[in-house]
Amino acid sequence: MQIPKIIQGGMGISISDWYLAKTVSMTGQLGVISGTGLHITLIARLMDGDREGNVRRALDNFPFQEPVKKILDKYFVPYSGKRKTGYKRPQMWGIKPTNSINELTVIANFVEVFLAKENHKNAVGINFLEKIQLPTLASIYGAMLAGVNYIFMGAGIPMQIPAIIEKLSNHEDVNYKLDVTGSSKEDDFRINFEPGKIFPEIGEKIGNLCKPYFVPIISSVVLAKALLKRASGKIDGFVIENSTAGGHNAPPRSVSAEGKAVYGAKDEVDLQQIKEIGLPFWLAGDYYSHEKFLAAIEQGAAGVQVGTAFAFCKESGMDPEIRKSIIEKIKKDSIEIVTDFKASPTGFPFKVVQHSGSVTDKDVYNERCRICDIGLLRQAYKKEDGEVGFRCSAEPEDAFISKGGKAEELEGTVCLCNNLFATAGMPQIRKDGYTEPPVVTSGDALNSIKNNFLKGCNEYSASDVIDLILGKKTKSL
Ligand SMILES: Cc1cc2nc3c(=O)[nH]c(=O)nc-3n(C[C@H](O)[C@H](O)[C@H](O)COP(=O)(O)O)c2cc1C
């Protein structure tokens, strides 16, 4: 196993896109693409004209061209100036997915990994969230078809994944047992994925696939031990993420009277116990100095996983306008980051940068209309007729309540799917001209990029981040 010292953490949606991951991997550290919502990203890139031809070059390399042709016919629009209309949305993922949503998702994951791995031999990883269960099987398969080397998975307990990787490497059928609210012990709701049905004779055309290393992202020793004991196969290492990290966080053990997250000693991970497990591990959350990196190594870590500093570097997939406006604010002042309990329909706390023009701006928030048309974060629930339904606390109130959702869950939610796509420069434009606003997530250490990386400049690169952490010479004032 190649053991990187620095993992550039997966950052959805499309903040760690193929370009950032490729940039990092080419330095010899590990670049990780975000695997969240890649089927929507693929459509957006094609509808934006794929101006450099990267997506179409990757599509040319997909081993089955019939579904590729269907995708191009449906979504590719040659570039003719800034887009004024909305992106087409594919059918949402369901428990019995159609061939076309499976094909689209497999191919989208293939494209992203193919591009991240193109023209070099270094390893590349992909990051998934366990909470987003429906597209997982198709996504893993697509990434494996392009030779992904590592799979990282957080936001949940990914017990089922190791056996799935094993089977998919032989093009075997797989299924995933879904978390369904309101289901009983006797219920067994599963989503199936049959490679040979979606791509006939794929097993004969393509040999067995390389198995990527599987690295869960966790925040407790209990979870590490549970995974080792009960996971369906091999675990190759762990990322141990603390509460300062960007994106979703593990729920805190205690909450203040004002409803704020209070992370304390009980939330800290006993690294001695992790070390005793004997697998490589990486520490994540504010590892922004060479001293901290060395301290992590001293504690037995193989290295560190870093997010925020890469999210705001010039190779990141973040919309450059948003990135620059946040950097400008940090240079003059400082910016507040709130661990928000309500923003994410997943129920996990989510770090939100308080930034004007984004959903944290009251006017912007009040102007938005409730919607759920991407549906990655919907919660599966058991309906009265015994079937599985899906609801999202960001969808219109009536719809959510009629599906058994609770009124108190509606307050403060945002459409993370649409808002995160906007942050990555792919905002949806509605029929009435309304453009979906962004939501920006970062770790608590966001303000530290001023002194660590900007050093008086307006931007910095992924290699500046790597150099600082590894204690190499960095750019001077
Ligand atoms: C913009 C952004 C998006 C993120 N998205 C994800 C994600 O989709 N999945 C995930 O496992 N972690 C996600 N993270 C967490 C990072 O992968 C990484 O573990 C974390 O940022 C490390 O802490 P740091 O931000 O202090 O460096 C995200 C972080 C940021 C800053």
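FYI, it's all coordinate maths here, none of it is from the lab. Worth saying up front: this structure is predicted, and the values here are computed from it rather than measured. Ideal geometry is used to build each Cβ from the backbone, glycine not excepted, and the neighbour counts take in all protein chains shown.
How large is the charge dipole for the chain, taken about the Cα centre, if only the Cβ atoms of Lys, Arg (+1) and Asp, Glu (-1) carry charge, to the nearest 20 debye?
Computed about the Cα centre, the dipole is about 760 debye.
Note down, for the chain, the three equivalent ellipsoid semi-axes (square root of 5 times each alpha carbon gyration tensor eigenvalue), biggest first, whole angstrom.
Result for the chain: semi-axes of 30, 27, 26 Å.
With unit charges on the beta carbons (Lys and Arg positive, Asp and Glu negative) and the dipole taken about the Cα centre of the chain, which residue among Ala58, Ala155, His171 sits farthest to the positive side?
Value: Ala58.
Report the label-to-label distance for Cys210 and Asn54 in nanometres (one decimal), using points 7 Å from each Cα along the Cα→Cβ vector.
My value for the distance between the label points is 2.1 nm.
On a full-extension model of 0.36 nm per residue, what is the gain between Arg230 and Lys266, subtracting their alpha-carbon distance, rounded to one decimal in nm?
Stretched out fully, the Arg230 to Lys266 stretch lengthens by 10.6 nm.
If the rule is a partner Cβ under 4.7 Å, which cysteines in the chain fail it?
Isolated Cys, the chain: Cys210, Cys313, Cys369, Cys415, Cys417, Cys457.
Hey, got a sec? Which GluC sites (Glu not before Pro) in segment 90-147 land in a DSSP loop and have at most 15 other Cβ atoms within 10 Å?
Glu118
Rounded to whole Å, give me the distance from the Cα center of segment 59-84 to that of segment 277-294.
41
To the nearest 0.05, how large is the calculated FRET efficiency for Asp385 and Glu411 if R₀ is 35 Å and r is the Cβ-Cβ distance?
My answer for the efficiency is 0.75.
Counting other beta carbons within 10 Å of each residue's own, what order do Phe348, Phe193 fall into, fewest first?
Exposure proxy ranking, most exposed first: Phe348, Phe193.
Any idea how far apart Thr85 and His290 come out in nm if each label point goes 7 Å out from Cα toward Cβ?
Result for the modelled spin labels: 5.6 nm.
How large is the helix-only mean residue ellipticity at 222 nm for the chain, computed as the sum of -39500 (n - 2.57) over DSSP H runs with n ≥ 4, divided by its residue count, in deg cm²/dmol to the nearest 500?
-9000 deg cm²/dmol
If neighbour count is taken as other Cβ atoms inside 10 Å, put Val439, Val180 in order from fewest to most.
With the fewest neighbours first, Val439, Val180 line up as Val180, Val439.
Restricting everything to alpha-carbon atoms, can you work out Rg to Rh for segment 1-237 with a Kirkwood hydrodynamic radius?
My calculation puts Rg/Rh at 0.96.
Counting only complete DSSP H runs, which helices of the chain cover 20 Å or more along their long axis at the Cα atoms and score a mean Kyte-Doolittle of 0.5 or above?
99-117
Mind listing which GluC sites (Glu not before Pro) in segment 336-444 are in a DSSP loop and have 13 or fewer other Cβ atoms within 10 Å?
Filter output for segment 336-444: Glu336, Glu384, Glu387, Glu411.
Note down the relative contact order for segment 1-237 as a percent, whole number, built from C-alpha pairs under 8 angstrom at least six residues apart.
18
With the radius of gyration and the Kirkwood radius both derived from the Cα set of segment 60-154, what is their ratio Rg to Rh?
For segment 60-154, the value is 0.99.
Tell me, how many Å apart are the Cα centres for segment 425-471 and for segment 116-167?
25
If each residue's Cβ is checked for other Cβ atoms within 10 Å, how do Ser80, Ser442 rank with the fewest at the top?
The fewest-first ordering by Cβ neighbours comes to Ser80, Ser442.
How long is the gain from Asn175 to Asn366 if the chain were fully straight, where each residue apart is worth 0.36 nm and the alpha carbon distance is subtracted?
64.7 nm
What is the Cα coordinate range of segment 1-134 on the first, second and third principal axes, sorted by size from largest, in whole angstrom?
42, 36, 30
Set the Förster radius R0 to 25 Å, insert the Cβ-Cβ distance between Val338 and Val77 as r into 1/(1 + (r/R0)^6), and round the FRET efficiency to 0.05.
0.10
Of the listed pairs Lys167/Lys342; Lys70/Lys431; Lys96/Lys234; Lys266/Lys362; Lys117/Lys185, which have alpha-carbon separations greater than 31 Å here?
Lys167/Lys342; Lys266/Lys362; Lys117/Lys185
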